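A short worksheet on the structure shown next.
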Amino acid sequence: HPPLGWIQLGALAWIPYNLGFGDGTFIGATRYVITVYFVATALLVFLLARRLRIRRPLAALAVVILVLSPLSLTLGRQVYLDNIGAPWLLLAFYLALSPRKALWHHIAAGAFFAIAVLSKETLAIFGPALLVAMLNRRSWSNRSFSVAGFLVVGGLILSFYPLMALLRGELAAGPDHVSLQEALEYQFFARSGSGYIWEAGSDRAELLNGWLYFDRYIIAAGCVAAVLCLFRRRTQWVAVAILSFAIPVFIGQGYLPAMYIVGVLPYLILALGGALNILWDRVEKSAAAGPPSVKPLVRATGAALIASGVVLMSVPQWFEQDRTLLTGQANDEWRSTLNWVQENVPRQDTVLTPYSMWQDLNSAGWDDPWRMVVTDKADLDSRFAVEHPEGWQAIDWIIVGPIVRSNIENLGLATVGQALENATPVAVFGEWSVYRVQDVQP
């Protein structure tokens with residue numbers, strides 16, 4: 001991925017970590033950082049709703065829905081680059097929709113869009129929606145300058161990524177170094193796909209079912225609301241944003257990450273707020289058409305229907321899930337595994353660990369990055385074979401998390417798979433376990 005998301009994490013995570021927040025772990029500390037971005041996302045959803053002329057109570061309701069949705073509570077608290085890029089993208093939309101039509105607003109929108117993409121490159125799919133948001137309005141005198149400023153400044157900032165690769169000698173493929181060329185080839189062509197959405201049992205179908213499990217109402221209601229947004233010029237870009245998200249999901253068969261939906265959640269919420277605002281406009285027209293004595297009754301009835309619809313949509317699925325998400329200790333098994341490895345595994349041994357545990361274990365005494373190794377690197381990084389020419393037999397321990405076995409199959413991790421076949425579990429903590437690799441002589 002482009003490095004700006006990691007740079008932001010690195011610049012901020014030391015603050016909660018040194019203050020003792022997050023129980024002294026890096027994952028816990030970075031979740032405090034993600035909280036800042038989540039709050040910024042919620043605030044920008046409200047501001048964007050107001051910029052779309054959505055009534056203040058409905059804009060506030062949109063924020064409440066975003067905050068309480070089980071899908072947001074599940075993914076919005078994770079240390080994902082998508083959560084870092086989301087508020088930057090929303091800020092770009094906020095400036096692009098500025099009623100002042102000021103040139104610097106549109107230049108800044110291009111800059112913030114570039115920051116969002118350099119935080120997580122998949123957010124680039126919302127670029128067409130951002131252009132529609134900026135252009136789909138009545139003409140103004142400096143339109144051409146605004147578009148040129150948006151594209152030039154955004155393009156210049158985005159060019160820092162290939163420029164960094166060029167200065168490091170990592171732009172084009174070659175021996176003994178990674179390259180941006182190979183990274184793009186891997187992401188677009190070589191990476192194993194998730195199958196088609198209509199294939200029963202495909203990874204893509206299972207992922208969609210997972211999203212729907214956490215919040216099928218917001219996804220369905222947001223998509224329906226996007227159709228209504230097409231009938232209002234100022235909200236058409238919201239429908240374009242949702243469509244840009246949906247096309248790769250329903251047409252493609254390439255790799256689809258679980259956190260991909262994080263980027264579109266704010267726009268599903270904005271579409272729902274825009275649709276409710278359209279419905280309230282109808283209520284107001286109905287109230288204005290009748291006698292003055294009936295207006296309060298019509299408005300009260302309309303408010304009651306909207307409130308009932310939101311409650312009926314959310315409560316059956318949200319109540320139990322939100323209670324579990326807000327009260328459950330989902331990291332206890334992870335923490336128990338971390339503590340066991342820190343107390344029982346010698347520091348000179350070679351250990352494979354999932355990404356989510358590497359930082360904390362690396363700082364616990366495994367200073368050599370080829371002693372405490374991210375699981376995937378044993379097969380995907382050629383440096384591992386240089387450091388450990390004996391192959392899987394160089395591995396002493398394997399920490400197995402919830403997705404390790406599926407990664408072995410999906411990513412073709414032959415070295416890891418062979419080591420795991422010759423290992424026995426020595427500690428088990430729910431979905432997490434520690435395996436000791438046996439010393440098998442040829």
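The values are calculated or read from the model by the stated rules, or taken from the named source; none is laboratory data. Quick caveat, the model's predicted, so the values are computed rather than measured. Using ideal geometry, Cβ is built from the backbone for each residue, glycine included, and neighbour counts are taken over all protein chains shown. The protein model used for the area step is the full one, side chains on, heavy atoms only, and it has no ligands, DNA or RNA in it. Shrake-Rupley method; radii C 1.70, N 1.55, O 1.52, S 1.80 Å.
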Based on the alpha carbon coordinates of region 128-191, what radius of gyration and maximum Cα-Cα distance (Dmax) apply, in Å?
17.5, 54
Express as a percent, rounded to the nearest 5, the fraction of DSSP beta bridges in the chain (both residues included) that run antiparallel.
65 percent
Sequence order, region 398-403: Karplus ³J(HN,Hα) from phi using 6.51 cos²θ - 1.76 cosθ + 1.60, θ = phi - 60°, Hz rounded, Gly and Pro as x, gives 10, 9, 10, x, x, 10
Among V117, V373, V63: highest mean-square fluctuation, GNM of the chain, C-alpha pairs under 10 Å
V373
With a 1.4 Å probe and every protein chain kept in, tell me what percent of the accessible surface of the chain is carbon plus sulfur.
64 percent
Cut-off 10 angstrom, C-alpha nodes, Gaussian network model of the chain. Which of S72, S286, S98 fluctuates the most?
S286
Could you go through region 38-55 in sequence order and give the Karplus-derived ³J(HN,Hα) for each residue, using 6.51 cos²θ - 1.76 cosθ + 1.60 with θ = phi - 60°, rounded to whole Hz, and x for Gly and Pro?
5, 4, 4, 4, 4, 4, 5, 4, 5, 5, 5, 4, 5, 5, 7, 6, 7, 4
With no solvent and one equal point scatterer per Cα, compute the Debye intensity ratio I(q)/I(0) for region 216-325 at 0.10, 0.22 Å⁻¹ and report its log10, rounded to two decimals.
-0.40, -1.18
Using Cα positions and a limit of under 26 Å, work out the lysines in reach of K295, with same-chain residues fewer than 8 apart set aside.
K285
Among S119, Y355, A29, whose Cα sits farthest toward the positive end of the charge dipole of the chain (+1 at Cβ of Lys/Arg, -1 at Cβ of Asp/Glu, about the Cα centre)?
S119
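Might you report the magnitude of the Cβ-based charge dipole of the chain about its Cα centre, with Lys and Arg at +1 and Asp and Glu at -1, to the nearest 20 debye? Show your work: numbers first, answer last.
Values: 32 positive and 32 negative charges, 748 e Å.
Once rounded to the nearest 20, the dipole reads 3600 debye.
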To the nearest 20 debye, region 47-170 has a Cα-centred charge dipole, built from +1 on Lys and Arg Cβ and -1 on Asp and Glu Cβ, of 760 debye
Run the reach check for K120 against aspartates and glutamates, Cα to Cα strictly under 14 Å, same-chain hits fewer than 8 apart removed. What comes back?
D82
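Counting only helical runs of four or more DSSP H residues, what would the 222 nm mean residue ellipticity of the chain come to if each run contributes -39,500 (n - 2.57) and the total is spread over all its residues?
On the way: 20 runs with 278 residues, N = 442.
Helix contribution divided over all residues of the chain: -20500 deg cm²/dmol.
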Reduced to Cα centres, the span from region 353-424 to region 51-96 in Å works out to 37 Å
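Pop the C-beta distance of R50 and N18 into the FRET formula with R0 = 41 Å and round what comes out to the nearest 0.05. Intermediate values should be presented prior to the final figure.
Values: r = 37 Å, r/R0 = 0.91.
Once rounded, the FRET efficiency stands at 0.65.
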Per residue, how large is the accessible surface of the chain? Use a 1.4 angstrom probe and give square angstrom.
50 Å²
Considering the dipole of the chain built from charges on the beta carbon (Lys and Arg +1, Asp and Glu -1) around the Cα centre, which of I197, G154, H1 is farthest to its positive end?
G154
For region 254-323, give the magnitude of the charge dipole about the Cα centre (Cβ charges: +1 Lys/Arg, -1 Asp/Glu; no others), in debye to the nearest 20.
260 debye
Which lysines does K101 reach when only Cα atoms under 16 Å apart count, and residues fewer than 8 places away in its own chain are ignored?
none
Per residue, what volume in Å³ does the convex hull of the Cα atoms of the chain enclose?
172 Å³
Would you mind classifying region 125-253 by shape? Square roots of the alpha carbon gyration tensor eigenvalues, ordered a ≥ b ≥ c; an a/c under 1.5 is rounded, otherwise it is prolate if a/b is larger than b/c and oblate if not.
oblate
